[in-house]
1. Once both labels are modelled 7 Å past Cα along the beta-carbon direction, what's the Ala190-Glu97 spacing in nm?
2. Averaged per residue, what accessible area in Å² does region 35-150 show with a 1.4 Å probe, protein chains only?
3. Set the Förster radius R0 to 25 Å, insert the Cβ-Cβ distance between Lys133 and Leu73 as r into 1/(1 + (r/R0)^6), and round the FRET efficiency to 0.05.
4. So which chymotrypsin sites (Phe, Trp or Tyr not before Pro) in region 96-196 end up in coil per DSSP with only 14 or fewer other C-beta atoms within 10 Å?
5. With r as the distance between the Cβ atoms of Ser179 and Thr120 and R0 = 22 Å, compute the FRET efficiency 1/(1 + (r/R0)^6) and round to 0.05.
6. For Gly198, list long-range residues whose amide hydrogen, built 1.01 Å from N in the peptide plane, is under 5 Å from its own amide hydrogen.
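The values are calculated or read from the model by the stated rules, or taken from the named source; none is laboratory data. No experiment lies behind these values; they were computed from the predicted model shown. Neighbour counts run over all protein chains shown; Cβ positions are idealised from the backbone, glycine included. What goes into the accessible areas is simple: the full protein's heavy atoms, side chains included, and nothing from ligands, DNA or RNA. Shrake-Rupley method; radii C 1.70, N 1.55, O 1.52, S 1.80 Å.
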Amino acid sequence: MRVSRMTATAFAISMTVAALAAQQGAAGGGQRGGGQRGGGGGQPAAAPMRLMSQSFIDGGLIPPRFTQAGEQLSPQLAWVNAPPATQSFVLHMHDMEGARNRTTEDQLHWLVWNMPATTTALAEGVPNGPELKDGSHQTSATGNGIYRGPGAAANGPFHHYVFEVFALDTKLDVPANASDPFDTRAKVLAAMQGHIVGKAVYLGLFRRPE
């Protein structure tokens with residue numbers, strides 16, 4: 001009798017789990033993507049944005065030539081599947097281990113904003129300068145118009161350098177504050193709110209060679 005009761009209980013639990021799974025499937029589930037959703041009426045979900053690089057693999061070590069231990073060249077980056085509503089792109093590179101001025105603000109290594117919607121890549125070694133040929137702007141903690149390579153110390157853990165590309169449905173009216181790149185970043189990130197239609201992320205690790 002006891003075995004029969006256990007069997008009945010297990011059967012009831014399995015039926016409940018199956019019912020919940022069916023409900024979640026009908027509702028579309030909780031799939032993670034690049035900030036995009038498919039249309040209604042049975043339309044397939046749009047392919048999420050993807051960020052790629054020929055300079056190093058996602059989650060791998062960043063070669064010294066792209067860092068403060070080498071030539072400080074910016075790495076090659078490319079992205080695909082931007083939503084049709086895209087009007088501009090923003091690239092944000094930052095060091096997750098940084099804690100600037102004892103706050104949650106981390107280290108700014110590269111910020112490029114107002115890249116045209118037709119942009120699909122940044123070549124290796126983007127030239128310094130506050131304004132690029134396509135009209136976009138760049139800055140970093142090193143100074144206005146300068147890419148700042150990773151520079152984590154050799155006697156500590158590897159730092160996580162995150163590259164984020166945001167697709168926006170607008171262009172940003174944010175001038176660079178040449179005397180305070182962190183103020184520029186704060187204003188760019190604030191202006192992006194409510195306009196992000198897609199996002200892709202890429203990760204690199206680095207610490208200085210001993």
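1. If labels sit at Ala190 and Glu97, their model points lie 3.1 nm apart.
2. That works out to 50 Å² per residue.
3. Working: r = 17 Å, r/R0 = 0.70.
So, using R0 = 25 Å, E works out to roughly 0.90.
4. Answer in residue order: Phe158.
5. 0.10
6. Here Ala167 satisfy the definition.
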